[in-house]
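Since the structure comes first, as structure tokens, the remarks are kept for the end.
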Amino acid sequence: MRTEGETEGEGGAEVEVQAGAEAEAEAVSEAEGDPADGVTVRDAISAPDAQGKPRRTTRRFPLFTRDTARPEGGGRAAPGDAPAPARQWPILTVLSAVALGLLLTAFDAFRVGTILIGAALLAGALMRWMLPSVGMLAVRSRFTDMLTYSVLGLAIVVLALMAQPNPLLEIPFLDDTLHFTVR
């Protein structure tokens with residue numbers, strides 16, 4: 001008669017290995033604490049089970065994340081079989097308008113170029129709000145992207161309209177503030 005620890009030929013070695021694997025799995029199970037035992041794991045979301053798979057998944061991230069979720073609306077703006085530029089047309093539209101604005105600014109049409117840059121950012125905010133999928137134009141959440149694009153675009157347009165010489169927009173309290181601080 002043989003016990004689990006005894007080996008006889010190749011078949012006996014298999015029995016010994018299986019018994020060792022079962023004992024190790026029980027030790028891991030006891031260390032982690034099975035929910036059936038009434039012991040809870042400190043981080044049940046990321047703690048793996050005996051097979052190495054997470055017990056529970058969530059969209060909330062623990063303190064140290066290993067991966068981040070794609071922003072809402074971050075999918076392709078065109079079907080997957082479309083060529084790469086067609087899939088990313090929203091970001092390419094904004095970048096093309098900004099490039100044209102920078103080119104105009106470089107060729108001494110400062111006000112028109114900077115207004116075009118601000119308008120491109122405002123158009124990006126509008127696309128982020130209206131379109132369900134905007135590809136790489138989505139960086140963060142929809143609200144954060146819209147707020148960032150809108151504030152930056154509006155600031156650039158207002159500053160372009162206030163630029164000297166011959167400003168198209170004059171804000172009196174800013175002029176008074178400048179004269180008060182320079183005196």
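The values are calculated or read from the model by the stated rules, or taken from the named source; none is laboratory data. Predicted model only: the values in this text are computed from it and were never measured. Glycine also receives a Cβ, built like all others from the backbone with ideal geometry; neighbour counts cover every protein chain displayed.
In the range 108-149, which residue that is within 18 Å of the chain's Cα centre (by Cα) and among the basic types (Lys, Arg) is nearest to Gln88 (Cα to Cα)? That would be Arg128. Highlighted here are the helices (runs of 4 or more DSSP H) found entirely within the range 71-133 that include at least 1 residues which are closer than 14 Å to Val157 by Cα and touching a residue at least 12 places away in the same chain (Cβ under 8 Å): 89-106, 110-130.
Being crowded, with 18+ Cβ neighbours inside 10 Å, modelled with pLDDT under 90 and of a type outside the set (Gly, Ala, Ser) is true for just one of Leu116, Leu137, Leu63. Which residue is that? Just one listed residue meets the conditions, Leu137.
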